[in-house]
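Data first, discussion second: the structure below is written as structure tokens.
The values are calculated or read from the model by the stated rules, or taken from the named source; none is laboratory data. Predicted model only: the values in this text are computed from it and were never measured. Here the Cβ is made from the backbone with ideal geometry for all residues, glycine too, and neighbour counts use every protein chain on show. Please note that ligands, DNA and RNA were not included when accessible areas were found on the heavy atoms of the full protein model with its side chains. Shrake-Rupley method; radii C 1.70, N 1.55, O 1.52, S 1.80 Å.
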Amino acid sequence: MNYRHHYHAGGAADVFKHALLVLQLAHLTRKSKGLLVLDSHAGAGRYDLEGPAARKTGEWRLGIGRLWAEPRPHPSLVPYLEAVGRATAGHRQGRCYVGSALLIAACLRPQDRLICAERQPQDAAELARLMAGRANVRVLASDGYAALKAHLPPPERRGLVLIDPPYETEAEAERAVKALSAAHRRFATGGYFLWYPIKARAEADRLLAQVKATGIRRVLVAEVLPFAEPRPFRLNGSGLVMVNPAHGLAETLRDLLPWLARRLAREGEGGCRVAWLVGE
Ligand SMILES: C[S@@+](CC[C@H](N)C(=O)[O-])C[C@H]1O[C@@H](n2cnc3c(N)ncnc32)[C@H](O)[C@@H]1O
């Protein structure tokens with residue numbers, strides 16, 4: 001297992017996933033009661049966009065780089081861009097990009113908690129360094145699936161779980177859906193975001209069928225495809241399975257995603273989709 005997110009940080013998939021994450025958190029933090037966010041595959045926290053990995057792929061230039069260059073971003077993206085700005089304060093724009101954990105931390109209040117798990121030792125150490133001094137954040141240098149078992153349901157009885165595995169093996173999709181299902185059995189009122197890659201359509205549809213077969217209800221699916229014409233064996237786009245999404249999120253996304261897909265498109269218009277996989 002040698003996935004390193006440094007090559008992909010700030011790319012189209014990150015922008016899509018992080019923008020939706022911030023929208024959900026903005027809704028959850030409207031109520032004063034505290035909540036728990038559990039980020040089971042957290043990554044390093046912050047990524048150097050001028051380092052060798054980011055320079056090698058240049059993915060961020062086709063992701064966050066495009067939004068930074070946008071004079072009038074879509075209004076629903078403003079909370080995300082502001083959160084990125086807070087999480088990278090002190091660095092000039094274009095110097096670095098945030099991981100999910102730092103972005104989440106930038107959206108939370110003192111009464112909220114964040115638990116993030118990262119199995120790769122160097123990335124976990126870097127994340128722990130960045131989070132030092134934040135009393136409401138715990139970094140676990142261990143398996144994220146075990147963290148789901150250990151920390152759900154949270155005493156707050158409110159929260160959001162992000163499951164964002166690297167899908168390095170064929171078995172990972174099934175493992176992630178099983179983990180989602182088990183977590184949901186223990187904490188059914190929680191929100192869940194499961195990210196998935198879209199290479200072959202059939203593979204993504206298999207994951208969605210597995211989610212449907214869990215019996216979980218209120219499941220919204222959103223996808224953005226910078227490559228609307230599928231290229232075999234390549235990442236053509238990505239999606240999010242969202243369990244218990246914020247009220248109104250589906251409508252917000254129907255307006256936002258066509259705009260975002262156009263900005264992130266690598267050819268033509270780009271594609272997108274928002275649909276309920278399972279209703280109430
Ligand atoms: C796609 S990246 C995460 C990106 C991050 N969530 C973000 O949005 O910025 C996946 C991460 O999961 C880590 N990882 C892989 N298997 C893991 C496991 N079983 N438990 C925890 N972390 C794992 C990898 O080292 C990698 O950093």
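Sorting GLU156, GLU126 by accessible area puts them as GLU126, GLU156; the probe is 1.4 Å, largest comes first, and only protein heavy atoms count. Remark: accessible surface ordering of MET131, MET1 (largest first) is MET1, MET131, probe radius 1.4 Å. Annotation: per residue accessible area for the chain equals 45 Å², rounded to a whole number [probe 1.4 Å, protein chains only].
Ligands, DNA and RNA left out, the 1.4 Å accessible surface of the chain is 52% carbon and sulfur atoms. Taking only alpha carbon atoms, segment 1-117 gives an Rg to Rh ratio of 0.96, where Rh is the Kirkwood radius. Could you work out which residue, out of ALA69, ALA176, ALA42, moves most in a Gaussian network model of the chain, that is, has the largest mean-square fluctuation with Cα springs under 10 Å? Checking each option, the largest mean-square fluctuation is seen for ALA69. Note on the chain: along the principal axes its Cα atoms extend 46, 43, 38 Å, ordered by decreasing extent. Are there any trypsin sites (Lys or Arg not before Pro) in segment 236-280 that are in a DSSP loop and have at most 16 other Cβ atoms within 10 Å? List them by number. Answer by residue number: ARG266.
Estimated at 0.36 nm per residue, the fully extended path between LYS56 and ALA146 surpasses their Cα-Cα distance by 29.1 nm. Taking a sphere under 9 Å around the Cβ of LEU28 and counting the other residues whose Cβ falls inside, with K and R at +1 and D and E at -1, yields a net charge of +2.
Positive contributions from Lys and Arg (+1) and negative ones from Asp and Glu (-1), summed over other residues with Cβ under 15 Å from the Cβ of HIS151, come out at +2. For segment 97-119 versus segment 200-252, the inter-centroid distance based on Cα atoms is 23 Å.
What is the calculated FRET efficiency for ARG234 to ALA89, with r their C-beta to C-beta distance and R₀ = 30 Å, to the nearest 0.05? Step by step, r from the Cβ atoms, then E = 0.30.
At a Förster distance of 41 Å, what's the computed FRET efficiency of ALA171 paired with ARG72, Cβ-Cβ distance as r, to 0.05? Once the sixth-power term is evaluated, E becomes 0.40.
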